[in-house]
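The values are calculated or read from the model by the stated rules, or taken from the named source; none is laboratory data. Just so it is clear, the model here is predicted, and its values are computed rather than measured. Here the Cβ is made from the backbone with ideal geometry for all residues, glycine too, and neighbour counts use every protein chain on show. Heads up: the accessible areas ignore ligands, DNA and RNA and are worked out on the full protein's heavy atoms, side chains in. Shrake-Rupley method; radii C 1.70, N 1.55, O 1.52, S 1.80 Å.
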Amino acid sequence: MENKSGKYLKYAIGEIILVVIGILIALQINNWNSNQQELKVLNGYLQNIAENIKADKSNLKTIKAFRDSSIIGSRFFLKMMDSESVNIEDATIYFSRYLKFSPLLKEKFKSDLSGFESLKNSGFLPRIQDSKIEKELFKYYSLVTDIKDEEGELNDLMKEMMYDLYKKNVIQELNKTRRKIANGTLTSVEIETLNKNLNHPSFFAANSRNRGVNYLIDLYNELDKTGTTIINEINTKSND
C-alpha cells in the first residue's frame, strides 16, 4: 500500500507539473500573440505618420519654392527702388515675374498632424519610448510648431501692411498700373504715381522684411531632413 501511495503521489505531482508547464506555455504563447498584435497596431499608427510626413514633404516643396521666389522678388524690388525713378523695364519684370510671389500673400506651411495625434491618444506611445523614432518624432513636430510660430509672426506683420496699403488705395492703383504696363499704355503722370505707390512705407517695409526670411528656408530643410529619417526608421521597424 505504501509503494502504491508513493507511486500515486509521484504520478499526481508529475501531472501537476505537466499542467503547470502547459499553463505557462499557453500564457507565453498568448503573451506572444498579444505582443505581436500590439506591434501590428503600433506599426499601423507609424505607417499613418509616415504617410502624413510624405504629404508634408509635398507641401514643403511648394512653400519652399514660394519662399525662394518671394525672397528673390523682394531683393529685386529693393534693388529696383535704389534709383530715383523706377525703370519701366524693371517694373515690367517685377509685375510679371515676382508680384505673384509677393510676401503680402501670407502663404504658410500646414502639416498633417492626424497620425501623430492618434498615436499619442492611443496609449501606444510608451512602446517606442527612448527609441530613435520617438526622438525624431518629437523633433519633427517641434519644428512644425517653430515654423507655425515664425510664419504666424511674419504673416501678422504682412496683414498689417496689406491693410494699410488697401486703406491708402495703393494696391488698387498698382493693379491698374500693372495692366497698363502690360498693355504699354502707361503715361508719364502714371509713372510718377507708380513711383509714389512703390515707395509707400508699408510696401517698402514688407519687402525689406521679407528679403531676410532665409531662416524659414532653413527650418523647412531641417523638417524635410528629419521627416526622411523618420520614414526610414519606420520602414526599418516594419521590416523587423
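Treating only the Cβ of Lys, Arg, Asp and Glu as charged (+1, +1, -1, -1), what charge dipole size does the chain show about its Cα centre? Round to the nearest 20 debye.
Using only the charged Cβ atoms, the result is roughly 460 debye.
Under 16 Å from a point 7 Å along the Cα-to-Cβ line of E153: which residues of segment 66-89 have their amide N that close? Counting only backbone N, you get no residues. A Cβ-based charge dipole, computed about the Cα centre of segment 136-240 with Lys and Arg at +1 and Asp and Glu at -1, lands at about 780 debye.
Could you give the length gained on full extension between D146 and Y215, defined as 0.36 nm per residue of separation minus the Cα-Cα distance, in nm?
Fully extending the segment from D146 to Y215 adds 23.7 nm.
Considering only S118, V144, L104, the residue lying farthest towards the positive end of the dipole of segment 65-205 is S118, judged by Cα position with unit charges set on Cβ.
Among [x] 1.83; [y] 1.03; [z] 1.31, which is the computed Cα Rg over 2.2 N^0.38 Å? Matching the structure shown: [x]. Along the axis of the charge dipole computed for the chain (Cβ charges of +1 for Lys and Arg, -1 for Asp and Glu, origin at the Cα centre), the listed residues S202, I234, L223 are led at the positive end by I234.
The helix-only estimate of mean residue ellipticity at 222 nm for the chain, built from DSSP H runs of length n ≥ 4 each weighted as -39500 (n - 2.57), is -28000 deg cm²/dmol after division by the residue total.
Build a GNM of the chain with springs between Cα atoms under 10 Å apart, and of I133, I217, I29 the one that fluctuates most is I29. A simple spin-label model places pseudo-atoms 7 Å from Cα toward Cβ; at S188 and N121 they are separated by 6.8 nm.
Counting only protein heavy atoms, what percent of the accessible surface of the chain is carbon or sulfur at a 1.4 Å probe?
Carbon with sulfur: 53 percent of the solvent-accessible area.
Comparing N175, N43, N197 in a Gaussian network model of the chain, where Cα atoms under 10 Å apart are tied by springs, the biggest mean-square fluctuation is seen for N175.
For segment 178-195 versus segment 114-167, the spacing of their alpha-carbon centroids is 44 Å. By how many degrees, 0 to 90 and rounded to 10, does the Cα axis of helix 2-80 deviate from the longest principal axis of the chain? Relative to the chain, helix 2-80 is tipped by roughly 10 degrees.
Under 12 Å from a label point set 7 Å out along the Cα-to-Cβ vector of S96, the amide N atoms of segment 178-215 belong to 181-184.
Per residue, the accessible area of the chain comes to 61 Å², computed with a 1.4 Å probe over protein heavy atoms only. Of the GluC sites (Glu not before Pro) found in segment 36-113, the ones in coil according to DSSP and having at most 14 other Cβ atoms within 10 Å of their Cβ are E84.
Between I49, S83, I128, the Cα set farthest toward the positive side of the dipole of the chain (charges on each charged residue's Cβ, about the Cα centre) is that of I49.
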